[in-house]
Amino acid sequence: MHEGTKCKACPVCGGQIVVSDHWAFSYDQLLGKRGKLLKKRTKSSSGPVECQTAYCLDCKESWNADEFVIDEKECFIDFKKRKDE
């Protein structure tokens, strides 16, 4: 992988980038006395999945977890190779 580039905006169109942290959760339902799931369910969170993705709000360019990092200064560092390079 080549050296990353610090970005303040989408390198394709200049639009705003959204970075998403993915979390794991489950919907829990009890099994009733009649052997059927009860209608009431609760949502439980088990924490982060240790995965981030990013996309541009304008042109919909996207980055997978291995195509960027957020550095110690919370800056977006792009590792994705562009088609025009």
I'd like to check something: does the stretch 38-61 contain any residue that is of a type in the set (Phe, Trp, Tyr), open to solvent by less than 80 Å² (accessible area, probe 1.4 Å) and assigned to a strand (DSSP E or B)? no
Please find, within the stretch 1-37, the residue that is surrounded by the most Cβ atoms within 10 Å (Cβ to Cβ) out of those that are farther than 30 Å from PHE79 by Cα and among the polar types (S, T, N, Q). GLN29
Please state which one of GLU61, GLU50, GLU67 is of a type outside the set (A, V, I, L, M) and in contact (Cβ under 8 Å) with a residue 24 or more places away in the chain. GLU61
So ALA9, is it part of a strand (DSSP E or B) and without any contact (Cβ under 8 Å) to a residue 60 or more places away in the chain: no
Single residue of the stretch 62-80 satisfying the filter (of a type outside the set (Val, Ile, Thr) and in a strand (DSSP E or B)) that is most open to solvent (accessible area, probe 1.4 Å): SER62
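The values are calculated or read from the model by the stated rules, or taken from the named source; none is laboratory data. Source: prediction; values computed, not measured. For neighbour counting, all protein chains shown are included, and Cβ atoms are generated from backbone atoms with ideal geometry for every residue, glycine included. Ligands, DNA and RNA are excluded from the accessible area calculation, which covers all protein heavy atoms including side chains. Shrake-Rupley method; radii C 1.70, N 1.55, O 1.52, S 1.80 Å.
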